[in-house]
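What follows is one structure encoded as structure tokens, with my remarks underneath.
The values are calculated or read from the model by the stated rules, or taken from the named source; none is laboratory data. This one's a predicted model, so the numbers in the text were calculated from it and none came from an experiment. FYI the Cβ positions are ideal-geometry reconstructions off the backbone, even for glycines, and counts take in every protein chain you see. All accessible areas refer to the heavy atoms of the entire protein, side chains included, with ligands and DNA or RNA removed. Shrake-Rupley method; radii C 1.70, N 1.55, O 1.52, S 1.80 Å.
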Amino acid sequence: EDQSEDEDAMTPSKMLTFYKEGHNYAWDILQDIQGRKIQFVKLTPIDSDTEIKSRLLGIDMGTKHIYKLIETGKNGTKTTITVNSFKTDQDLSKTLFTFDE
């Protein structure tokens, strides 16, 4: 199985850290989306062997939270992840996760 595709895949948890290394970045468009100012940053992977052409990371300028991620593959496929709510310090039920030893 080719693991490189799995490593490139964007997951919600990776959204918070993926941009820290491996990309060149530049300011992109500023949009007003439903009264929110969203500043997009264009991230281009440094690794030319990746299947990812670019990623647009939209930051809500009011909250400084990630609002949207638009990923474009070299094959033209676009994947969009939109964060509808962002909550911190939430209590989690002890039964939410199950760990097998």
Quiz item: Which residues, taken from the range 49-101, are under 14 Å from ILE38 (Cα atoms) and not aliphatic (A, V, I, L, M)?
Solution: GLY58, ASP60, GLY62, THR63, LYS64, HIS65, TYR67, LYS68, THR82, ASN84
Quiz item: In the range 61-79, what count of residues is obtained for those that are closer than 29 Å to GLU51 by Cα and either touching a Pro at 6+ places or on another chain (Cβ under 8 Å) or open to solvent by less than 80 Å² (accessible area, probe 1.4 Å) (or both)?
Solution: 12
Quiz item: If you scan the range 21-47, which residues turn out to be open to solvent by less than 90 Å² (accessible area, probe 1.4 Å) and hydroxyl-bearing (Ser, Thr, Tyr)?
Solution: THR44
Quiz prompt | Search result, residues across the range 48-101 that are acidic (Asp, Glu) and without any contact (Cβ under 8 Å) to a residue 60 or more places away in the chain | solution = ASP49, GLU51, ASP60, ASP89, ASP91, ASP100, GLU101
Practice problem: Kindly indicate whether GLU51 is closer than 24 Å to GLU21 by Cβ, open to solvent by less than 70 Å² (accessible area, probe 1.4 Å) and in contact with a strand residue (DSSP E or B) (Cβ under 8 Å, 6 or more places away or on another chain). | Solution: no
Quiz prompt | Unique residue being among the basic types (Lys, Arg), more than 14 Å from the chain's Cα centre (by Cα) and at pLDDT below 95 when the list is LYS37, LYS68, LYS94 | solution = LYS94
Quiz item: What are the pairs, 6+ residues apart or on separate chains, where a residue within the range 24-47 that is under 22 Å from SER85 (Cβ atoms) has its Cβ under 6 Å from a residue that is open to solvent by less than 90 Å² (accessible area, probe 1.4 Å) and among the small types (Gly, Ala, Ser)?
Solution: ILE38/GLY58; PHE40/GLY58
Practice problem: Please enumerate the residues belonging to the range 40-92 that are among the hydrophobic types (A, V, I, L, M, F, W, C) and in a strand (DSSP E or B). | Solution: PHE40, VAL41, LEU43, ILE52, LEU56, LEU57, ILE59, ILE66, LEU69, ILE70, ILE81
